[in-house]
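The values are calculated or read from the model by the stated rules, or taken from the named source; none is laboratory data. Quick caveat: nothing in here was measured; it's all calculated off a predicted structure. Every residue, glycine among them, receives a Cβ derived from its backbone with ideal geometry; neighbour counts consider all protein chains shown.
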Amino acid sequence: MKEKVVLAYSGGVDTSVAIKWIQENYNMDVIALTVDVGNEPDFTLIKQKALNAGAIKAIVKDVKNEFAEDYIFLALKANAMYQGVYPLATAIARPLIAKLLAQTAQEEGASAVAHGCTGKGNDQVRFEVGVRTFYPNAKILAPAREWEFKSREQSIAYAKKHNIPLPVVLEKPFSIDENLWGKAIECSMLENPMNEAPEEAFTLTVSIDQAPAQAEYVTIDFEEGLPTAVNSKKMKPVELISTVSTLAGRHGIGRIDHVEDRLVGIKSREVYESPAGIALITAHKALEFLTLSRAQLSFNQTVSNKYADIIYEGLWYSGLKKNLDAYLKDNQKYVTGSVRLKLHKGNCTAVGRTSPYSLYNYDLATYEAADKFDHSQAEGFIQLFGMASQLQAQIQPEIKKK
(Lines give C-alpha, C1' and ligand atoms only; values in the text may rest on other atoms or scores of the structure.)
Protein backbone atom coordinates (compact mmCIF):
# COMPACT_ATOMS: atom_id res chain seq x y z
CA MET A 1 0.00 0.00 0.00
CA LYS A 2 1.30 3.45 -0.92
CA GLU A 3 1.98 6.05 1.71
CA LYS A 4 -0.47 8.92 1.76
CA VAL A 5 0.24 12.64 1.92
CA VAL A 6 -2.24 15.44 2.59
CA LEU A 7 -1.53 18.45 0.39
CA ALA A 8 -2.69 21.97 1.25
CA TYR A 9 -4.41 22.58 -2.07
CA SER A 10 -5.43 26.03 -3.28
CA GLY A 11 -6.10 25.24 -6.92
CA GLY A 12 -3.32 27.62 -7.96
CA VAL A 13 -0.28 26.92 -10.08
CA ASP A 14 2.10 25.43 -7.53
CA THR A 15 -0.32 23.17 -5.68
CA SER A 16 -1.93 21.95 -8.91
CA VAL A 17 1.47 21.00 -10.30
CA ALA A 18 2.47 19.50 -6.93
CA ILE A 19 -0.13 16.70 -7.12
CA LYS A 20 1.38 15.16 -10.22
CA TRP A 21 4.94 15.98 -9.18
CA ILE A 22 4.59 14.20 -5.81
CA GLN A 23 3.19 11.13 -7.53
CA GLU A 24 6.07 11.06 -9.99
CA ASN A 25 8.84 11.74 -7.48
CA TYR A 26 7.60 10.18 -4.22
CA ASN A 27 5.16 7.52 -5.47
CA MET A 28 2.64 8.60 -2.83
CA ASP A 29 -1.14 8.91 -2.95
CA VAL A 30 -2.15 12.56 -2.66
CA ILE A 31 -5.17 13.74 -0.68
CA ALA A 32 -6.00 17.35 -1.51
CA LEU A 33 -7.19 19.50 1.38
CA THR A 34 -8.75 22.84 0.51
CA VAL A 35 -9.64 25.15 3.38
CA ASP A 36 -12.47 27.63 2.90
CA VAL A 37 -11.40 30.85 4.62
CA GLY A 38 -13.48 33.02 2.36
CA ASN A 39 -11.29 32.67 -0.69
CA GLU A 40 -13.85 31.23 -3.14
CA PRO A 41 -17.64 31.45 -3.55
CA ASP A 42 -17.79 27.85 -4.83
CA PHE A 43 -15.18 25.13 -4.33
CA THR A 44 -16.79 22.63 -6.69
CA LEU A 45 -14.41 23.37 -9.55
CA ILE A 46 -11.34 23.40 -7.32
CA LYS A 47 -12.28 20.05 -5.81
CA GLN A 48 -12.81 18.57 -9.27
CA LYS A 49 -9.55 20.05 -10.50
CA ALA A 50 -7.67 18.25 -7.71
CA LEU A 51 -9.27 14.95 -8.66
CA ASN A 52 -8.55 15.53 -12.35
CA ALA A 53 -4.91 16.21 -11.50
CA GLY A 54 -4.66 12.81 -9.84
CA ALA A 55 -5.58 13.26 -6.18
CA ILE A 56 -7.19 10.13 -4.72
CA LYS A 57 -9.44 12.28 -2.58
CA ALA A 58 -10.35 15.96 -2.39
CA ILE A 59 -11.57 17.46 0.87
CA VAL A 60 -13.00 20.93 1.41
CA LYS A 61 -13.42 22.28 4.94
CA ASP A 62 -15.49 25.40 5.54
CA VAL A 63 -13.93 27.19 8.50
CA LYS A 64 -14.92 30.78 7.72
CA ASN A 65 -16.64 31.28 11.07
CA GLU A 66 -13.72 29.92 13.06
CA PHE A 67 -11.31 31.97 10.94
CA ALA A 68 -13.22 35.19 11.54
CA GLU A 69 -13.89 34.73 15.25
CA ASP A 70 -10.73 33.03 16.49
CA TYR A 71 -8.10 34.44 14.17
CA ILE A 72 -9.07 37.67 12.39
CA PHE A 73 -10.85 39.20 15.37
CA LEU A 74 -7.95 38.45 17.72
CA ALA A 75 -5.59 40.17 15.31
CA LEU A 76 -8.01 43.10 15.08
CA LYS A 77 -7.99 43.52 18.86
CA ALA A 78 -4.23 43.98 18.60
CA ASN A 79 -4.43 46.27 15.52
CA ALA A 80 -1.89 43.87 14.02
CA MET A 81 -0.17 45.41 10.98
CA TYR A 82 3.17 43.99 9.88
CA GLN A 83 5.73 46.80 9.68
CA GLY A 84 2.81 49.13 10.33
CA VAL A 85 1.49 48.57 6.81
CA TYR A 86 0.08 45.10 6.13
CA PRO A 87 -3.00 43.71 7.97
CA LEU A 88 -1.61 40.16 7.59
CA ALA A 89 -4.45 38.68 5.56
CA THR A 90 -2.44 35.75 4.19
CA ALA A 91 -0.39 35.19 7.33
CA ILE A 92 -3.37 35.06 9.71
CA ALA A 93 -4.94 32.15 7.79
CA ARG A 94 -1.84 29.95 7.83
CA PRO A 95 -1.97 28.68 11.44
CA LEU A 96 -5.57 27.51 10.96
CA ILE A 97 -4.72 25.77 7.68
CA ALA A 98 -1.67 24.17 9.32
CA LYS A 99 -3.79 22.84 12.18
CA LEU A 100 -6.31 21.36 9.74
CA LEU A 101 -3.50 19.82 7.65
CA ALA A 102 -2.17 18.02 10.72
CA GLN A 103 -5.61 16.91 11.87
CA THR A 104 -6.67 15.68 8.42
CA ALA A 105 -3.43 13.75 7.94
CA GLN A 106 -4.01 11.93 11.20
CA GLU A 107 -7.67 11.25 10.35
CA GLU A 108 -6.75 9.90 6.90
CA GLY A 109 -3.83 7.78 8.12
CA ALA A 110 -1.34 9.85 6.13
CA SER A 111 2.30 9.82 7.13
CA ALA A 112 3.06 13.16 5.50
CA VAL A 113 1.72 16.58 4.67
CA ALA A 114 2.74 18.83 1.80
CA HIS A 115 2.49 22.47 0.78
CA GLY A 116 3.27 24.52 -2.31
CA CYS A 117 5.59 27.08 -0.73
CA THR A 118 8.96 28.02 -2.13
CA GLY A 119 12.26 28.02 -0.25
CA LYS A 120 12.34 31.78 0.10
CA GLY A 121 8.77 32.41 1.17
CA ASN A 122 7.24 32.98 4.60
CA ASP A 123 4.44 30.44 4.31
CA GLN A 124 6.79 27.44 4.43
CA VAL A 125 7.71 28.49 7.98
CA ARG A 126 4.11 29.14 9.01
CA PHE A 127 2.85 25.82 7.68
CA GLU A 128 5.67 23.67 8.99
CA VAL A 129 5.84 25.22 12.46
CA GLY A 130 2.06 24.88 12.76
CA VAL A 131 1.94 21.28 11.49
CA ARG A 132 4.67 20.15 13.86
CA THR A 133 2.73 21.64 16.75
CA PHE A 134 -0.15 19.22 16.14
CA TYR A 135 1.56 16.32 14.32
CA PRO A 136 5.23 16.25 15.41
CA ASN A 137 6.11 13.01 13.59
CA ALA A 138 4.67 13.94 10.20
CA LYS A 139 6.94 14.04 7.19
CA ILE A 140 6.72 17.38 5.42
CA LEU A 141 7.10 17.61 1.66
CA ALA A 142 7.79 20.91 -0.05
CA PRO A 143 7.89 20.22 -3.80
CA ALA A 144 8.53 23.85 -4.73
CA ARG A 145 11.79 23.69 -2.75
CA GLU A 146 12.90 20.65 -4.71
CA TRP A 147 11.59 20.67 -8.23
CA GLU A 148 13.50 21.77 -11.30
CA PHE A 149 11.19 24.63 -12.31
CA LYS A 150 12.98 27.98 -12.11
CA SER A 151 10.07 30.20 -13.18
CA ARG A 152 6.30 30.32 -13.09
CA GLU A 153 6.30 29.90 -16.86
CA GLN A 154 8.06 26.53 -16.48
CA SER A 155 5.49 25.44 -13.87
CA ILE A 156 2.68 26.43 -16.23
CA ALA A 157 4.34 24.53 -19.08
CA TYR A 158 4.51 21.40 -16.89
CA ALA A 159 0.84 21.80 -16.04
CA LYS A 160 -0.09 22.08 -19.71
CA LYS A 161 1.97 19.00 -20.52
CA HIS A 162 -0.03 17.02 -17.97
CA ASN A 163 -3.39 18.65 -18.86
CA ILE A 164 -3.74 20.39 -15.52
CA PRO A 165 -6.08 23.41 -15.89
CA LEU A 166 -4.81 26.59 -14.26
CA PRO A 167 -6.47 29.94 -13.38
CA VAL A 168 -3.71 32.01 -15.01
CA VAL A 169 -2.38 32.92 -18.43
CA LEU A 170 1.21 33.70 -19.32
CA GLU A 171 0.37 37.35 -20.04
CA LYS A 172 -0.44 37.99 -16.36
CA PRO A 173 0.76 35.05 -14.25
CA PHE A 174 0.16 36.55 -10.83
CA SER A 175 0.41 34.48 -7.70
CA ILE A 176 -2.78 35.13 -5.74
CA ASP A 177 -3.82 34.34 -2.18
CA GLU A 178 -7.19 35.56 -0.95
CA ASN A 179 -9.42 35.20 2.09
CA LEU A 180 -11.96 37.16 4.15
CA TRP A 181 -9.35 39.58 5.43
CA GLY A 182 -7.77 40.44 2.09
CA LYS A 183 -5.70 39.45 -0.88
CA ALA A 184 -2.00 39.12 -1.72
CA ILE A 185 -0.74 39.57 -5.29
CA GLU A 186 2.83 38.88 -6.39
CA CYS A 187 5.13 37.66 -9.22
CA SER A 188 5.45 38.74 -12.83
CA MET A 189 5.99 42.48 -13.41
CA LEU A 190 5.40 43.17 -9.70
CA GLU A 191 8.86 41.84 -8.90
CA ASN A 192 10.27 45.14 -10.15
CA PRO A 193 9.53 47.67 -7.37
CA MET A 194 9.36 50.47 -9.95
CA ASN A 195 6.44 48.90 -11.82
CA GLU A 196 3.02 50.06 -10.77
CA ALA A 197 0.60 47.20 -10.17
CA PRO A 198 -1.74 46.93 -13.18
CA GLU A 199 -5.43 47.50 -12.61
CA GLU A 200 -6.31 43.92 -13.54
CA ALA A 201 -4.42 42.69 -10.48
CA PHE A 202 -7.10 44.13 -8.17
CA THR A 203 -10.50 42.60 -7.55
CA LEU A 204 -11.54 43.78 -4.07
CA THR A 205 -11.07 47.50 -4.64
CA VAL A 206 -11.83 49.96 -7.42
CA SER A 207 -9.27 52.45 -8.61
CA ILE A 208 -9.45 55.91 -7.07
CA ASP A 209 -10.33 57.26 -10.52
CA GLN A 210 -13.40 55.03 -10.61
CA ALA A 211 -14.42 55.52 -6.97
CA PRO A 212 -17.57 57.56 -6.28
CA ALA A 213 -17.15 61.33 -6.18
CA GLN A 214 -19.45 61.48 -3.14
CA ALA A 215 -18.12 60.37 0.23
CA GLU A 216 -19.95 57.62 2.13
CA TYR A 217 -20.32 57.48 5.92
CA VAL A 218 -20.36 54.16 7.75
CA THR A 219 -20.82 53.53 11.46
CA ILE A 220 -19.16 50.55 13.12
CA ASP A 221 -20.30 49.41 16.58
CA PHE A 222 -17.86 47.65 18.91
CA GLU A 223 -18.25 45.64 22.10
CA GLU A 224 -15.11 44.96 24.14
CA GLY A 225 -12.87 45.62 21.17
CA LEU A 226 -14.77 43.57 18.60
CA PRO A 227 -17.05 44.89 15.84
CA THR A 228 -20.66 43.83 16.17
CA ALA A 229 -22.73 46.00 13.81
CA VAL A 230 -22.53 48.08 10.64
CA ASN A 231 -24.84 51.09 10.40
CA SER A 232 -26.71 49.78 13.46
CA LYS A 233 -27.36 46.38 11.86
CA LYS A 234 -26.09 43.53 14.05
CA MET A 235 -23.99 41.05 12.11
CA LYS A 236 -22.03 37.90 12.76
CA PRO A 237 -18.27 38.14 12.10
CA VAL A 238 -18.16 36.69 8.57
CA GLU A 239 -21.05 38.85 7.33
CA LEU A 240 -19.64 41.93 9.04
CA ILE A 241 -16.17 41.54 7.53
CA SER A 242 -17.64 40.88 4.06
CA THR A 243 -19.96 43.89 4.34
CA VAL A 244 -17.19 46.26 5.38
CA SER A 245 -14.94 44.87 2.65
CA THR A 246 -17.56 45.68 0.01
CA LEU A 247 -18.27 49.16 1.41
CA ALA A 248 -14.62 50.16 1.68
CA GLY A 249 -13.57 48.44 -1.54
CA ARG A 250 -15.99 50.41 -3.69
CA HIS A 251 -14.27 53.58 -2.51
CA GLY A 252 -10.81 52.31 -3.40
CA ILE A 253 -9.77 51.76 0.22
CA GLY A 254 -7.32 49.04 1.15
CA ARG A 255 -4.71 48.94 -1.61
CA ILE A 256 -1.22 48.42 -0.22
CA ASP A 257 2.07 48.50 -2.14
CA HIS A 258 4.92 47.52 0.16
CA VAL A 259 8.53 46.32 0.13
CA GLU A 260 8.60 44.10 3.20
CA ASP A 261 11.22 42.10 5.06
CA ARG A 262 10.65 38.38 4.74
CA LEU A 263 11.63 35.86 7.40
CA VAL A 264 14.41 34.39 5.26
CA GLY A 265 16.25 37.72 5.15
CA ILE A 266 15.28 39.13 1.77
CA LYS A 267 13.15 42.12 0.87
CA SER A 268 10.11 41.41 -1.26
CA ARG A 269 7.77 43.70 -3.13
CA GLU A 270 4.22 42.79 -2.11
CA VAL A 271 0.90 44.16 -3.32
CA TYR A 272 -2.15 43.66 -1.13
CA GLU A 273 -5.84 44.47 -0.94
CA SER A 274 -7.47 44.60 2.48
CA PRO A 275 -10.45 46.98 2.47
CA ALA A 276 -12.03 45.38 5.54
CA GLY A 277 -8.71 45.26 7.38
CA ILE A 278 -7.88 48.93 6.82
CA ALA A 279 -11.39 50.14 7.63
CA LEU A 280 -11.92 48.06 10.78
CA ILE A 281 -8.45 48.75 12.19
CA THR A 282 -8.98 52.47 11.56
CA ALA A 283 -12.27 52.37 13.45
CA HIS A 284 -10.89 50.22 16.27
CA LYS A 285 -7.92 52.53 16.82
CA ALA A 286 -10.21 55.56 16.93
CA LEU A 287 -12.32 53.96 19.66
CA GLU A 288 -9.20 53.03 21.63
CA PHE A 289 -8.03 56.64 21.59
CA LEU A 290 -11.37 57.58 23.16
CA THR A 291 -11.48 54.88 25.84
CA LEU A 292 -7.90 54.03 26.82
CA SER A 293 -5.35 56.03 28.80
CA ARG A 294 -2.14 57.38 27.30
CA ALA A 295 -0.13 54.70 29.13
CA GLN A 296 -2.37 51.94 27.77
CA LEU A 297 -2.19 53.32 24.23
CA SER A 298 1.59 53.51 24.40
CA PHE A 299 1.95 49.94 25.64
CA ASN A 300 -0.63 48.72 23.12
CA GLN A 301 1.65 49.88 20.32
CA THR A 302 4.33 47.54 21.64
CA VAL A 303 1.79 44.73 21.89
CA SER A 304 0.54 45.46 18.38
CA ASN A 305 4.02 45.26 16.87
CA LYS A 306 4.85 42.04 18.71
CA TYR A 307 1.47 40.48 17.82
CA ALA A 308 2.02 41.30 14.15
CA ASP A 309 5.48 39.72 14.26
CA ILE A 310 4.07 36.60 15.91
CA ILE A 311 1.50 36.22 13.11
CA TYR A 312 4.02 36.98 10.37
CA GLU A 313 6.56 34.53 11.78
CA GLY A 314 4.10 31.64 12.14
CA LEU A 315 4.21 31.53 15.95
CA TRP A 316 0.45 31.69 16.50
CA TYR A 317 0.46 28.73 18.87
CA SER A 318 3.29 30.06 21.03
CA GLY A 319 3.04 30.79 24.73
CA LEU A 320 3.73 34.47 24.19
CA LYS A 321 0.76 34.80 21.85
CA LYS A 322 -1.47 33.28 24.56
CA ASN A 323 -0.03 35.73 27.09
CA LEU A 324 -0.81 38.67 24.81
CA ASP A 325 -4.36 37.41 24.25
CA ALA A 326 -4.89 37.41 28.01
CA TYR A 327 -3.62 40.98 28.21
CA LEU A 328 -5.82 42.12 25.32
CA LYS A 329 -8.92 40.51 26.80
CA ASP A 330 -8.59 42.72 29.88
CA ASN A 331 -7.28 45.74 27.98
CA GLN A 332 -10.27 45.80 25.61
CA LYS A 333 -13.10 45.45 28.14
CA TYR A 334 -13.99 49.16 27.91
CA VAL A 335 -13.37 49.50 24.15
CA THR A 336 -17.10 49.62 23.49
CA GLY A 337 -18.94 52.20 21.42
CA SER A 338 -19.42 53.45 17.87
CA VAL A 339 -17.13 54.99 15.28
CA ARG A 340 -18.25 56.87 12.18
CA LEU A 341 -15.96 56.44 9.18
CA LYS A 342 -15.77 58.63 6.11
CA LEU A 343 -14.95 56.62 2.97
CA HIS A 344 -13.79 58.69 0.04
CA LYS A 345 -11.39 58.21 -2.87
CA GLY A 346 -9.06 55.74 -1.19
CA ASN A 347 -9.16 57.43 2.20
CA CYS A 348 -10.74 55.97 5.32
CA THR A 349 -11.00 58.51 8.14
CA ALA A 350 -12.62 58.33 11.56
CA VAL A 351 -14.77 61.45 11.80
CA GLY A 352 -16.87 60.61 14.85
CA ARG A 353 -16.75 58.38 17.89
CA THR A 354 -18.77 57.77 21.06
CA SER A 355 -18.59 55.40 24.01
CA PRO A 356 -20.27 54.93 27.40
CA TYR A 357 -16.71 54.57 28.74
CA SER A 358 -15.25 57.60 26.99
CA LEU A 359 -12.37 59.30 28.82
CA TYR A 360 -13.09 62.51 26.94
CA ASN A 361 -14.55 65.05 29.34
CA TYR A 362 -16.20 68.01 27.63
CA ASP A 363 -16.13 70.19 30.73
CA LEU A 364 -12.35 69.80 30.94
CA ALA A 365 -11.63 69.92 27.21
CA THR A 366 -13.82 72.85 26.10
CA TYR A 367 -12.58 76.40 25.56
CA GLU A 368 -16.10 77.75 25.90
CA ALA A 369 -17.83 79.19 28.98
CA ALA A 370 -18.49 75.70 30.36
CA ASP A 371 -14.74 75.22 30.95
CA LYS A 372 -14.14 73.58 34.39
CA PHE A 373 -10.37 73.14 33.98
CA ASP A 374 -8.39 74.83 36.78
CA HIS A 375 -5.87 76.88 34.78
CA SER A 376 -4.17 78.08 37.96
CA GLN A 377 -2.63 74.63 38.45
CA ALA A 378 -0.77 74.73 35.14
CA GLU A 379 2.22 76.79 36.32
CA GLY A 380 3.06 74.45 39.19
CA PHE A 381 2.57 71.41 36.96
CA ILE A 382 4.98 72.81 34.37
CA GLN A 383 7.61 73.52 37.02
CA LEU A 384 7.47 69.98 38.42
CA PHE A 385 7.18 68.35 35.01
CA GLY A 386 10.31 70.05 33.66
CA MET A 387 12.38 70.03 36.85
CA ALA A 388 14.39 66.86 36.14
CA SER A 389 15.41 67.89 32.63
CA GLN A 390 16.22 71.44 33.77
CA LEU A 391 18.46 70.17 36.58
CA GLN A 392 20.28 67.82 34.24
CA ALA A 393 20.84 70.60 31.70
CA GLN A 394 22.31 72.85 34.43
CA ILE A 395 24.52 70.22 36.08
CA GLN A 396 25.54 68.37 32.92
CA PRO A 397 25.89 71.05 30.25
CA GLU A 398 26.91 70.20 26.73
CA ILE A 399 30.64 69.61 26.53
CA LYS A 400 32.20 71.47 23.64
CA LYS A 401 34.96 69.63 21.88
CA LYS A 402 38.21 71.54 21.42
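Looking for whichever is of a type in the set (Gly, Ala, Ser), touching a Pro at 6+ places or on another chain (Cβ under 9 Å) and modelled with pLDDT of 95 or more here; the options are 114, 98, 138. Which one fits?
The conditions single out 114.
Output the residues belonging to segment 203-222 that are in contact with a Gly (Cβ under 9 Å, 6 or more places away or on another chain) and under 23 Å from residue 75 (Cα atoms).
Result: 204, 205, 219, 221, 222.
Do you know which of the residues in segment 22-74 that are under 17 Å from residue 178 (Cβ atoms) and small (Gly, Ala, Ser) is modelled with the highest pLDDT?
Among those residues, the one meeting the criterion is 68.
Would you mind finding the one in 2, 47, 57 that is among the basic types (Lys, Arg) and buried (at least 18 other Cβ atoms within 10 Å of the Cβ)?
Matching residue, one of 2, 47, 57: 47.
Hey, does segment 205-212 have a residue that's of a type in the set (D, E, K, R), closer than 21 Å to residue 279 by Cα and within 21 Å of the chain's Cα centre (by Cα)?
No.
For segment 354-377, what are the residues that are aromatic (Phe, Trp, Tyr), surrounded by 10 or more Cβ atoms within 10 Å (Cβ to Cβ) and either out of contact with any Phe, Trp or Tyr (no Cβ under 6 Å at 6 or more places or on another chain) or farther than 27 Å from residue 290 by Cα (or both)?
Across segment 354-377, the qualifying residues are 360, 362, 373.
Mind checking whether some residue in segment 352-363 is in a strand (DSSP E or B), at pLDDT 95 or above, over 13 Å from residue 221 (Cα atoms) and not charged (D, E, K, R)?
Within segment 352-363, not a single residue is in a strand (DSSP E or B), at pLDDT 95 or above, over 13 Å from residue 221 (Cα atoms) and not charged (D, E, K, R).
Could you please find all residues in segment 265-288 being exposed (fewer than 15 other Cβ atoms within 10 Å of the Cβ) and in contact (Cβ under 8 Å) with a residue 40 or more places away in the chain?
266
If I filter segment 317-325 for residues that are among the aromatic types (Phe, Trp, Tyr) and more than 18 Å from the chain's Cα centre (by Cα), do I get at least one hit?
no
Does segment 364-402 hold any residues that are assigned to a helix (DSSP H, G or I) and closer than 30 Å to residue 339 by Cβ, and which are they?
364, 365
Report yes if residue 380 is touching a residue at least 12 places away in the same chain (Cβ under 8 Å) and either surrounded by fewer than 10 Cβ atoms within 10 Å (Cβ to Cβ) or in the same structural domain as residue 208 (by TED's automatic domain parsing) (or both), otherwise no.
Answer is no for this residue.
Pull out all pairs, ordered by first then second residue, where Cβ-Cβ is under 9 Å, the residues are six or more apart or on different chains, the first lies in segment 25-38 and is free of Cβ contacts under 8 Å to residues at least 60 places away in the same chain, and the second is assigned to a strand (DSSP E or B) and among the charged types (D, E, K, R).
Correct list of pairs: 29/4; 29/57; 32/57; 34/61; 36/61; 36/62.
So residue 261 fits all but one of (1) over 22 Å from residue 351 (Cβ atoms); (2) buried (at least 19 other Cβ atoms within 10 Å of the Cβ); what number is the exception?
(2)
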